[in-house]
Each structure stands twice: as C-alpha cells, then as structure tokens.
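Q: Here's a structure for you.
What follows is calculated from the coordinates using simple rules that are stated; it is not laboratory data. Keep in mind that what you see is a predicted model, and the values were worked out from it rather than measured. Positions of Cβ are backbone-derived with ideal geometry, glycine not excepted, and every protein chain shown enters the neighbour counts.
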Amino acid sequence: MVLSEQQHQRYLRHIIIPEIGDLGQKKLLDSSVSIIGENSSDAEALLLYIAASGIGRLSLHFKYDYKLETIINHIKDLNPDIHIEVTNSHKVLVRDHPLSCRIVFGKRDFVNETIKLVSEKAFDLEPLIFATYSSWQGIVGFIDTTGSFDERIISSPFSNDSELTKPGEVIASCVLGALCSIEAIKFILNIGKPLKKPLYIDLLNMRFSDSGICTDNASNNNTDLGLVKNLKDARVLIIGAGGLGSSSSYALVKSGIGVLGILDRDFIELSNLNRQVLHSTSRIAMPKVKSAEIFLKNLNPEVEIVTYKEIFSKENAESIVKGYDMVVAALDNLETRYLLNDTCYFLNKPLAEAGVMRFDGLGMTIIPKVSHCYRCVFPEVYQGPGGPIGILGPLPGVMGFIEAAETIKTLTGIGKTLKNNILLYNSLDAEFRLAKILKNPECPLCGNSPTINKPF
C-alpha cells in the first residue's frame, strides 16, 4: 500500500513523528480492530479518535446502539478511509479477516461478561484492550495473547457518592475512550510501553494509579470556587476549535453546559482531521467555529453556542472574556497563551490550560490571585522549531477532556482540581504524573513586584 497525496496530508501530524512515519501510518490503515461496547453513545469518543487516527477497518458491536447510525455517518465523513462493519451478537466472535486487537468498552458487569465470552469462544485470542467506567472514575487495561483475565482486576469498587454523576460519567467515558485509542495505536505499531498493569483513574480527585481506585474522598481544594449552582447556568469560553477545543467542547456540551463560546479564526484543513474530531472532510475550508457549531448543536440542541471567527487580540480580549464564567485554553500559539493568561488574571476568570506535543501532554487549572499563573510556569516564550509539530491523534482528546473535567469541577466547586499542580501525561509510557507548582514570587504578573499592569 502506498499513501496517496491526500492521505499524506490527512495523517501529516502522524507521519512527521519518527516513531510512526509513512510505514506506521500504512500499518494503521491496514489494521483491523473489533470494538465490543455496551452503549454506542458512551463510546462515541472512542470511535471518533480511533477512526480519525486511521485504523482502517472497524468491526462494531454494541448492546445498545443509541445514535450509532448518526455516529457512523459522521465517522465516514470525518475519515472516508475507514471501513466500518456493524456485527450482530452471533457474529461478534466470528472473524472474516485477521484482527489486530479487540476493545471491550462499557460498565463493569458488561466488561466482565464480555471478556469471559471472548476468552471462552475465541480460538486464538487476540490482544484485548478493555475499559470500564463510572461517574468520574474508570479503568483501562491490556490483556495479551498469553495472559488470562483476572476478574479482580476490575473489581476495585468505584465510589458511589460522586457529585454530578451524569457529567462525571460523560467525562470518564470520554477520557477512557481516548486512552483506549492510544493503547490500540501503540499495540498495532509496537511503540511505547503496553499497560502491564491496569490504569485506574479518578478524575474527581485527579488521581492516577496502577494499584486500584481509592474510594476515600480527597480533600476538596475547590472550596473557594463554585461559580454556578447548575451547569446549565454556566457560561464557558473556549479559545481554539482545533484538537484540544474539539474534545473539551464535546465533553462540555454533552455534559449539559448552558452557554459555550468558541473563538477561532481558522478554516478546516485536511491535515486537521487526524485529531480535530468535530470537523469532517465535507466541511474542509469551512470556518472551524461554524463546523464546531454544526456538530455540537446536533449533539445537544439545548446548549447555546456563540461563535467568534476572529483573532484573540489585545483589542477584543476584555470584551469577549468578561462575559463568561470560565475560559478554556485550546491554543497552539504561545504568545496568545500569555495574553489569555493575563486577561483572565485581571478579569478574575478561572482558566483551564493544556498543551500537547508528539506523545506528551500537560494540563493545569489557574485560579487568579489564588494559584500560580501561566507565566509562573513558563516565564519566557518558547521559540519552537517552526512548521507543523507531530501529534498523536487521540492525545489532544485526553488532555481536552481533562480540561473539561477541570472546568466542571471549578464551576461547581466539587472535587480536587489541578490548582497549584501541573499534570504531565506521557502516552508512550501510559503514565500520568502530578507535580506541585506554586506561585513564583518573581512572576511579572502575579508576583510580589508585578510589572504587567494591563494586558489589553
């Protein structure tokens, strides 16, 4: 198989990563993955990211196929390279073609039962990735061809008293879906470290562990916040409608946010579509904010979408930001990050921040006058190599979904946020690390002797 010129453009951000390259992308396109899920709506993020990344053949079976036809239609438009087959319960274990791996995705009982069925019926068990989730919590793991499944792996109890159960479940299923996509890509390409131990995530308390879910509630560091009583009353602004903006806006809209503002000046390009899952091939050359609005209104018609097709600048920063409760940074321009950071500081608006490059992501939540700011962590503008940067397709999904989680928690005052911390995610090692970050007393914005007195 030789990649066409269009495929080179579509998968450019993969191809320029040495660990993937042309050969790796060809291998993804030649691969086949079976996804056995409980609810197709919960698995939408998984389906979008695994298709956008260019895994060529998907065999889908869902116990409950709510909106599956709509999801498939978008996937076909997002990436016409992908062949999709929907199987019934009698064909789920039948293989008309070789499988690269299976993914089992759903609640605990469904995952347990399905893995047992696959283990008993499949003659040559393909490597299997599994994920199970509850409100704000979840588990993702890997079973190779030589391993046996220990039900105790996913028997660690989830917390049953989580606040905002529905949004928490939305966020957890989104994060787990993006993580499954990453692990499938890693396995197919034989890059990075597989999940030798399951990864347990607790997004309410920002805990990531390979030793089980901690059911005791972490101390709430969010007591000085709680800006709205109900998510439908919240107004959130996202600066950027690309990779991070796609995932954060998707999760917020699906969680029932009231008003979502989206600012982006760019138009959709083919090279966006390996990671910017709100958009599609038929909408190439359309403004990103318009494309995002189309997708998001179809996802949840009750959410008010406000679009700004313009550059975020000193001239409009104050007038736009002041009308929102919180801001999400989904930027690829470092200078604009500083302007947004300073604007939020002076207007006293919490800011969810994230960044991605190749296989690595970082995230933090900035509370003006309380926590560190962006300048505390990055005092100088980093001058990169120039030109496009390689990005693993589902990586912005993980980090954008985490931004959405941080936004919901900050707005409602629940849980433990990334305030005074930075979250580092290495997707090749499947490792999350939290690092303590304090205010820099020499910061020119929020330090003891500030020199920046006005951002606008």
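Q: Note down the Stokes-Einstein diffusion coefficient of region 231-436 in µm²/s, whole number, using a Kirkwood radius over alpha carbon pairs, 37 °C, and 0.692 mPa s. Write down the numbers at each step before the final one.
A: Working: Rh = 16.9 Å.
D = 194 µm²/s.
Q: Of the DSSP beta bridges with both residues in the chain, give the percent that are antiparallel, rounding to the nearest 5. List each step's numbers first, then the result.
A: Working: 31 of 70 bridges.
Antiparallel bridges make up about 45 percent of those DSSP assigns within the chain.
Q: Starting from region 361-423, pick out the chymotrypsin sites (Phe, Trp or Tyr not before Pro) whose DSSP state is loop and whose Cβ has at most 11 other Cβ atoms within 10 Å.
A: Details: sites: TYR374, TYR382, PHE401; in loops: TYR382.
Here the chymotrypsin sites (Phe, Trp or Tyr not before Pro) that fit, given the DSSP loop and packing criteria, are TYR382.
Q: Continuing with this model, one more query. Summing -39500 (n - 2.57) over the DSSP H runs of n ≥ 4 in the chain and dividing by its residue number, what mean residue ellipticity at 222 nm do you reach, to the nearest 500 deg cm²/dmol? It would help to have the intermediate numbers written out before the result.
A: Working: 13 runs with 144 residues, N = 456.
Rounded to the nearest 500, the figure is -9500 deg cm²/dmol.
Q: Something else about it: If you average the sequence gap of Cα pairs under 8 Å that are 6 or more apart and divide by the length of the chain, what percent do you get for the contact order?
A: Relative contact order of the chain: 16 percent.
Q: Another question, then. How tilted is helix 243-255 with respect to the longest principal axis of the chain? Cα atoms for both, answer in degrees (0 to 90, nearest 10).
A: For 243-255 against the chain, the angle is about 80 degrees.
Q: Of MET399, MET286, MET1, MET206, how do they rank once you tally other Cβ atoms within 10 Å and put the fewest first?
A: MET1, MET286, MET206, MET399
Q: What ranking of HIS8, HIS279 emerges when the number of other C-beta atoms within 10 Å of each C-beta is taken as an exposure proxy, fewest first? Each step should come with its number before you reach the end.
A: Numbers: HIS8 14, HIS279 27.
Sorted ascending by nearby Cβ count, the order is HIS8, HIS279.
Q: Now a separate question. A 32 angstrom limit on the alpha carbon distance is what I want to check against. Which of LYS197/LYS419; LYS186/LYS322; LYS63/LYS297; LYS63/LYS197; LYS76/LYS107; LYS63/LYS309 exceed it? Present the calculation step by step, with values, prior to reporting the outcome.
A: Numbers: LYS197/LYS419 28 Å; LYS186/LYS322 42 Å; LYS63/LYS297 26 Å; LYS63/LYS197 27 Å; LYS76/LYS107 27 Å; LYS63/LYS309 41 Å.
Too far apart for the 32 Å limit: LYS186/LYS322; LYS63/LYS309.
Q: Any idea what angle helix 68-78 forms with the longest principal axis of the chain, computed on alpha-carbon atoms, 0 to 90 degrees, nearest 10?
A: Helix 68-78 sits roughly 70 degrees off the main axis of the chain.
Q: Which of the GluC sites (Glu not before Pro) found in region 315-346 are in a DSSP loop and have at most 11 neighbouring Cβ atoms, other than their own, within 10 Å? Kindly include the intermediate steps, with their values, before the conclusion.
A: Working: sites: GLU315, GLU318, GLU335; in loops: GLU315.
Within region 315-346, the qualifying GluC sites (Glu not before Pro) (loop, at most 11 other Cβ atoms within 10 Å) are GLU315.
Q: Just how many % of Cα pairs in region 333-456 lie over 22 Å apart, if you round to the nearest whole percent?
A: Values: 2804 of 7626 pairs.
Looking at region 333-456, the distances longer than 22 Å represent 37 percent of pairs.
Q: Given 0.36 nm per residue, what is the gain on full extension from ASP109 to LYS229 after removing their alpha carbon distance, in nm? Display every interim value, and only then the final one.
A: Numbers: separation 120, 0.36 × 120 = 43.20 nm, distance 3.33 nm.
Stretched fully, the ASP109-LYS229 segment lengthens by 39.9 nm.
Q: In addition: Distance check, please: which entries in LYS166/LYS436; LYS288/LYS349; LYS254/LYS288; LYS26/LYS290 exceed 23 angstrom between their Cα atoms?
A: On the way: LYS166/LYS436 30 Å; LYS288/LYS349 25 Å; LYS254/LYS288 19 Å; LYS26/LYS290 32 Å.
Listed pairs above 23 Å: LYS166/LYS436; LYS288/LYS349; LYS26/LYS290.
Q: Please determine, in degrees from 0 to 90 and to the nearest 10, the orientation of helix 108-121 with respect to the longest principal axis defined by the Cα atoms of the chain, where the helix direction is its Cα long axis.
A: Approximately 30 degrees, to the nearest ten.
Q: Assuming R0 = 25 Å, can you tell me the calculated FRET efficiency for the pair PHE208 and PHE378, based on Cβ-Cβ distance, to the nearest 0.05? List each step's numbers first, then the result.
A: Numbers: r = 23 Å, r/R0 = 0.93.
After rounding, the FRET efficiency stands at 0.60.
Q: Short version: what are the Cα gyration tensor semi-axes of the chain, square root of 5 times each eigenvalue, largest first, in whole Å?
A: On the way: eigenvalues 243, 121, 81 Å².
Semi-axes (√(5λ), whole Å): 35, 25, 20.
Q: What FRET efficiency, computed as 1/(1 + (r/R0)^6) with R0 = 30 Å and r the Cβ-Cβ distance, is obtained for LYS197 and THR165, rounded to the nearest 0.05?
A: Taking R0 as 30 Å, the efficiency between LYS197 and THR165 is 0.65.
Q: While we're on this one: Expressed as a rounded percentage, what relative contact order does region 231-436 have, with Cα pairs under 8 Å and six or more residues apart? Intermediate results must be reported in sequence, preceding the final value.
A: Numbers: 421 pairs, mean separation 46.1, N = 206.
Normalised by residue count, the contact order of region 231-436 is 22 percent.
Q: When the chain is fully extended, how far beyond the present Cα-Cα distance does GLU302 get from MET1, taking 0.36 nm per residue of separation? Working shown, then result.
A: Values: separation 301, 0.36 × 301 = 108.36 nm, distance 4.50 nm.
Difference between extended and current length: 103.9 nm.
Q: Give the Cα extents of region 245-333 along the principal axes, in whole Å, largest first.
A: The principal-axis extents, from largest down, are 34, 29, 17 Å.
Q: Given labels modelled 7 Å from the Cα in the Cβ direction, how far is it in nm from ILE294 to GLU431?
A: 4.3 nm
Q: Let me ask you something else. Multiply the residue gap between GLU310 and LEU117 by 0.36 nm, knock off their C-alpha separation, and tell me the result in nm, one decimal place.
A: Values: separation 193, 0.36 × 193 = 69.48 nm, distance 5.27 nm.
Gain on extension, GLU310 to LEU117, equals 64.2 nm.
Q: Mind checking region 257-314 for GluC sites (Glu not before Pro) that DSSP puts in a loop (not H, G, I, E or B) and that have at most 13 other Cβ atoms within 10 Å? The partial results should precede the final answer.
A: Details: sites: GLU269, GLU293, GLU302, GLU304, GLU310; in loops: GLU269, GLU302, GLU310.
Listed in order of number, the matching sites are GLU302, GLU310.
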